[in-house]
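Down below is the structure, laid out as structure tokens.
Each value in this text was obtained by applying a stated rule to the coordinates, not by laboratory testing. In this text, all values refer to a predicted model and were calculated from it rather than measured experimentally. In this analysis, Cβ positions are derived from the backbone assuming ideal geometry, glycine residues included, and neighbour counts consider all displayed protein chains.
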Amino acid sequence: MRKISIVIAIVIATAIFLALPAPSEAAAGYERALARWSKSSENVDDMGGRFIVKATLYTAEYVDALVESEAEKNLWTASELEDYKYNLLKDLDLDERIALHLELNELGPTAHMAPFNEMLYMWIGNKKYSPEKYDERFNMPLQGKRDGMVFFPRRDEKTGESLLKKDVSLRFIMSSAASPVLGHKEVRMMWDVKAEGDSFSGTAADRLEIDRLLRRIEKLAGERAELEKQLEAKKGEMDTINERIEELQNK
């Protein structure tokens, strides 16, 4: 009798499991992208304290998967999807910055991480960069969970060219001073980013590129005006010198 009951219970459980809706392709795609672009680090001290860090890199693949998942849940049209994607890219400034979503969980002594921009940096290839912008709440003493965005430069300050125009490794480092749990150990994470695979696409990306190029033109126009001003000043100085030379020669 007991065996029959167990068999019936297994049959019922199997039927319930099979009746559950399978995850959609968009949802499954998002989970795959999240698994690919998220890194986690859990550190434990001698007293049992724990400091857990999870970082998600906002690559083109991750953003596309996120947008597709949201579009499916909200039954958006193709136009609505592109509008959402454009606003997301613009709000996160992903054409100018590399974005990381950080989730911290301090389960030990209170962590004091201010100023937060001195607690972390990123190697892009062989060059080290500090955050350009971050969630100011990270400056507050931490006990328990907190999450927010951190942004690193995506483009060369002088040329405006993307730092990710070729295949590159991104190495994220958090200082051991971020949490007492870390002791003398840093938090280290690395992503290998393929240039071809990290190019944003679609009409949203085109609109974002137009915005960036217009800003670049405005910046270059300002630099040109300044150079022309300097050139005019030099020309005036040269004219003054030539006039003095003529005076001296005509004495």
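Count the net charge of all other residues whose Cβ sits under 15 Å from the Cβ of S175, scoring Lys and Arg as +1 and Asp and Glu as -1.
Details: positive: K128, R171, K185, R188; negative: E106, E118, E186.
The answer is +1.
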message = Could you give each residue of the range 206-217 its phi-based ³J(HN,Hα) in whole Hz, using Karplus coefficients 6.51, -1.76, 1.60 with θ = phi - 60°, and x for Gly or Pro?
response = 5, 4, 5, 5, 4, 4, 5, 5, 5, 5, 5, 4
ask   = Of the listed peptides 183-195, 119-131, what is their order by residue-averaged count of other C-beta atoms within 10 Å, with the highest listed first?
value = 119-131, 183-195
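Order of E82, E232 from fewest to most other C-beta atoms within 10 Å? All intermediate terms of the calculation are to be shown ahead of the outcome.
Values: E82 19, E232 10.
Fewest to most other Cβ atoms nearby, the residues stand as E232, E82.
With +1 assigned to the C-beta of every Lys and Arg and -1 to the C-beta of every Asp and Glu, and no other charges, what is the dipole magnitude of the chain about the Cα centre in debye, to the nearest 20? Mind dumping the intermediate values first?
On the way: 37 positive and 45 negative charges, 211 e Å.
Around 1020 debye, computed over the chain.
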query = From the backbone phi of the range 44-49, what are the Karplus-calculated ³J(HN,Hα) couplings (6.51 cos²θ - 1.76 cosθ + 1.60, θ = phi - 60°) in whole Hz, Gly and Pro given as x?
reply = 10, 9, 5, 8, x, x
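Within the set of other residues whose C-beta is less than 15 Å from the C-beta of E136, count the net charge using Lys and Arg as +1 and Asp and Glu as -1. Don't skip to the answer; put the middle values down first.
Working: positive: K133, R137, R146; negative: E118, E132, D135, D147.
Taking every other residue near E136 into account, the sum is -1.
Taking K and R as +1 and D and E as -1, what net charge do the other residues with C-beta under 9 Å from the C-beta of M190 add up to?
Working: positive: K39, R171, R188; negative: D192.
Net charge around M190: +2.
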ask   = Sorting D91, D83 on the 10 Å Cβ count, fewest up front, what's the list?
value = D91, D83
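Determine the alpha carbon to alpha carbon distance for each of K54/K185; K133/K219; K165/K194; K128/K158; K54/K145; K127/K165 and list only those over 19 Å.
Among K54/K185; K133/K219; K165/K194; K128/K158; K54/K145; K127/K165, the Cα-Cα distance tops 19 Å for K133/K219.
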request  = Using amide H atoms built 1.01 Å from N in the peptide plane, name the residues 5+ places from R155, or on other chains, whose amide H lies under 5 Å from its own.
outcome  = L163
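For the chain, compute Rh as the Kirkwood radius over C-alpha pairs and then the Stokes-Einstein diffusion coefficient at 37 °C and 0.692 mPa s; write the answer in µm²/s, rounded to an integer.
Using the Kirkwood radius from Cα pairs, D works out to 146 µm²/s.
How high is the relative contact order of the chain? Use alpha-carbon pairs under 8 Å, at least six apart in sequence, and give a whole percent.
Numbers: 341 pairs, mean separation 44.2, N = 251.
Reported relative contact order: 18 percent.
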query = Among L214, L89, what is the fewest-to-most ranking by other Cβ atoms within 10 Å?
reply = L214, L89
